[in-house]
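Inspection log for the structure reproduced underneath, given as structure tokens.
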Amino acid sequence: MADFSFIGDKTDPGFGVYVHWPFCAAKCPYCDFNSHVRHQGVDQARYVSAFLKEMEEARRLSGPRTVTSIFLGGGTPSLMDPATVEAIMNGIARFWHVPDGIEITLEANPSSVEATRFRGYRAAGVNRVSLGVQALNDRDLKFLGRLHNVEDALKAIGLAREIFPRMSFDLIYARPKQTVEEWEAELKQAVSYAVDHLSLYQLTIEEGTPFYGLHKAGKLVVPDGDQSALLYEATQDITASIGMPAYEVSNHAVPGAESRHNLTYWRYGDYAGIGPGAHGRLTIGREKLATATERKPETWLDLVEANGHGMIDQEVLGYDEQSDELLLMGLRLKEGIDLVRWEALSGRAPDPEKERFLIEHGFIERIGNSRLRCTPSGMLILDAVVADLAC
């Protein structure tokens, strides 16, 4: 059995603040995130005012909390002016306690990167940047609808490495006709840029995207299940061999450089979701509140200005729902789940027969008496494993 060290403090998943900037310069054909193109420009000052109003409502719900991480996601947050980022940071510090030195991440696209912007973000407090590189050859970047080329990506990586203490970037694999050998070479190239974190995602065809229509019409062919599994296994082998093992099904890091914010999600901690289309999870007394905001930016803006927030859904989650979410999120992690916590929420232990079946077939394993995790084989069929254990 492999020996995986645990990451950080699992007993306290933390409290994160997520702020969603929903605008992009262009919509990528594979993307089903809440992102919108506005060629006429965006009134950033107006959105900042709305963010602050929604923070005030989130603070009313959450009560006083100490923030352990902040994440500016999108969309393309690197389209924001540094002054906008600074105002958001000041707002978060006004409503919650923000200790010095916590992880503050901003997502950036290489096509919107400028040295002056990056230095402005750093001055505003951002200490970690996540770059949407997606591929390291111009052919595939064009196929993915990206506005940057490899030269732009390398410039952005260089600037990020110079300006920010921590840097991550995303790559998409299982692209059409991609071989294992090509992907291995690309991964080794990626690591050579002194990155400390990589998010490596299989290309998935999401309903409602342009790629979905092309795939359904037979005009877009992606690797089948067997080839995708080979690419996934190559990903695990290469990253482990170069000192960036997976700590989550799609995320790899130098030990100590794991995303603190995302660990809060996967460990089923609390987070406030601010901005159009943002989701949150807030523990209030003995209850867990799931929040969701209006997705369309202009409608969200009108709601905030009228009501003080753009939340369109606030649902109190029952213990069964909480235990299912904890299982779904926690089994993505190599450290697995805390069974004591899961059993306290679900009111039961894992079904002995189902657990025995999954263990005998090499899909899950116990770590002592208190933790349960997926094996590498189990990660390949993660959804099925979760479904079995949740029943």
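Per-residue answers, yes or no, for (1) of a type in the set (Lys, Arg); (2) closer than 22 Å to GLU305 by Cβ; (3) outside any helix (DSSP H, G or I); (4) more than 21 Å from the chain's Cα centre (by Cα):
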residue: ASP32; (1), (2), (3), (4): no, no, yes, no
residue: SER49; (1), (2), (3), (4): no, yes, no, yes
residue: GLU54; (1), (2), (3), (4): no, yes, no, yes
residue: GLY73; (1), (2), (3), (4): no, no, yes, no
residue: THR84; (1), (2), (3), (4): no, yes, no, yes
residue: ARG94; (1), (2), (3), (4): yes, yes, no, yes
residue: GLY101; (1), (2), (3), (4): no, no, yes, no
Among residues of the range 285-335, those that are within 30 Å of VAL385 (Cα to Cα), open to solvent by 40 Å² or more (accessible area, probe 1.4 Å) and either part of a helix (DSSP H, G or I) or touching a residue at least 12 places away in the same chain (Cβ under 8 Å) (or both), counted: 14
Kindly indicate whether any position in the range 254-264 is acidic (Asp, Glu) and in a loop (DSSP other than H, G, I, E, B). yes
Out of all the residues in the range 137-159, is one or more in contact with a strand residue (DSSP E or B) (Cβ under 7 Å, 6 or more places away or on another chain), among the charged types (D, E, K, R), outside any strand (DSSP E or B) and open to solvent by 30 Å² or more (accessible area, probe 1.4 Å)? yes
Within the range 212-231, does at least one residue satisfy the condition of being touching a strand residue (DSSP E or B) at 6+ places or on another chain (Cβ under 8 Å) and more than 30 Å from ARG161 (Cβ to Cβ)? yes
Need the failing condition index for GLY41 against (1) in contact with a Leu (Cβ under 8 Å, 6 or more places away or on another chain); (2) of a type in the set (Gly, Ala, Ser); (3) modelled with pLDDT under 95, just the number. (1)
In the range 336-350, what residues are assigned to a strand (DSSP E or B) and open to solvent by 50 Å² or more (accessible area, probe 1.4 Å)? ASP338
Pull up the range 102-136, narrow it to residues that are modelled with pLDDT under 95 and either among the β-branched types (Val, Ile, Thr) or farther than 17 Å from TRP21 by Cα (or both), then point me to the one that is least open to solvent (accessible area, probe 1.4 Å). VAL113
Applying the selection to the range 160-182, what residues are out of contact with any His (no Cβ under 9 Å at 6 or more places or on another chain) and not in a helix (DSSP H, G or I)? PHE164, PRO165, ASP170, LEU171, ILE172, TYR173, ALA174, ARG175, PRO176, LYS177, GLN178, THR179
Output for the range 56-71, where each listed residue is in contact (Cβ under 8 Å) with a residue 60 or more places away in the chain and assigned to a loop (DSSP other than H, G, I, E, B): GLY63, ARG65, THR68
What number of residues within the range 236-253 satisfy the criterion of being in contact with a Phe, Trp or Tyr (Cβ under 7 Å, 6 or more places away or on another chain) and more than 20 Å from LEU131 (Cα to Cα)? 0
Say whether the condition of being exposed (fewer than 15 other Cβ atoms within 10 Å of the Cβ) and touching a Lys or Arg at 6+ places or on another chain (Cβ under 7 Å) is met by at least one residue in the range 34-53. yes
When the residues of the range 223-242 are narrowed to those that are hydrophobic (A, V, I, L, M, F, W, C) and touching a residue at least 40 places away in the same chain (Cβ under 8 Å), which ends up nearest to LEU380 (Cα to Cα)? ALA229
Taking the range 351-379 as the search range and keeping residues that are in contact (Cβ under 8 Å) with a residue 40 or more places away in the chain and surrounded by fewer than 18 Cβ atoms within 10 Å (Cβ to Cβ), which one is farthest from ALA229 (Cα to Cα)? ASP351
Sole residue being within 21 Å of LEU263 (Cα to Cα), out of contact with any Pro (no Cβ under 7 Å at 6 or more places or on another chain) and not aromatic (Phe, Trp, Tyr), chosen from THR68, THR116: THR68
Pair list, Cβ < 7 Å and 6+ apart or interchain, from the range 183-201 residues that are surrounded by 13 or more Cβ atoms within 10 Å (Cβ to Cβ) and in a helix (DSSP H, G or I) to residues that are modelled with pLDDT under 90 and not acidic (Asp, Glu): VAL191/ILE242
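The values are calculated or read from the model by the stated rules, or taken from the named source; none is laboratory data. The model shown is predicted, which means the values in this text are computed figures rather than measured ones. Glycine gets a Cβ as well: all are built from the backbone with ideal geometry, and neighbour counts include every protein chain shown. Areas reflect the complete protein model, heavy atoms only, side chains present, ligands, DNA and RNA absent. Shrake-Rupley method; radii C 1.70, N 1.55, O 1.52, S 1.80 Å.
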